[in-house]
Amino acid sequence: MKAAGILITALVVVGAAACGTPVVGVPVAVPLAPAPTTSTATATVAVPAPQTVYVQQPPAPVDVAPADTAAARTIFAYYDAINRRDFTTAWSLGGSRIAGGGGYAKYTDGFATTAWDTLTVTDVRGNTVYVVLSAVQTDGSTRTFSGTYTISGGVIVGSHMTRTK
């Protein structure tokens, strides 16, 4: 009789477990959700040489910063085009007027060893923009120039730049 009682208890436990009714004290396998995983991916990306106009503006002694003028914006646009290697735009912004002799091909060849330019506008007086230019070369050296650009109608019409380093 005792064996029959154990058998009946076992059948009840198994039946209850099969029906999903919890039975106290009986271990039941519980499926667990997989633990969240963190995945990472690595990619190799080619990084082009900097091609941005790096502009540094000194504090202005007046309410309007020198770089906040139409004349200065023309110079920024000119050097932005050069840094992007958009020589057609640079040429149309006045490169054609300040290139000297030799035409467009000679003008573009003049930038062959320039990696990028950093321009600082130091003053603007009317249509004359005073600048310091640092031209980083493809070999890592830097050439520094200072001087002026004259602007008329949104185009560079003259320049006087001197190499200082």
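The values are calculated or read from the model by the stated rules, or taken from the named source; none is laboratory data. Computed from a predicted model, the values in this text were never measured in an experiment. Quick note on the areas: whole protein, heavy atoms, side chains included, nothing else; ligands and nucleic acids left out. Shrake-Rupley method; radii C 1.70, N 1.55, O 1.52, S 1.80 Å.
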Diffing the stretch 75-88: the Karplus 3J(HN,Hα) column from phi (6.51, -1.76, 1.60, θ = phi - 60°), in whole Hz with x for Gly and Pro, holds 5, 4, 4, 4, 6, 4, 4, 4, 5, 7, 6, 9, 5, 4
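Counting only heavy atoms of the protein chains, get the accessible area per residue of the stretch 76-165 (1.4 Å probe) and round it to a whole Å² value. Please report the intermediate quantities before stating the final value.
Working: 4380 Å² over 90 residues.
Solvent-accessible surface per residue comes out at 49 Å².
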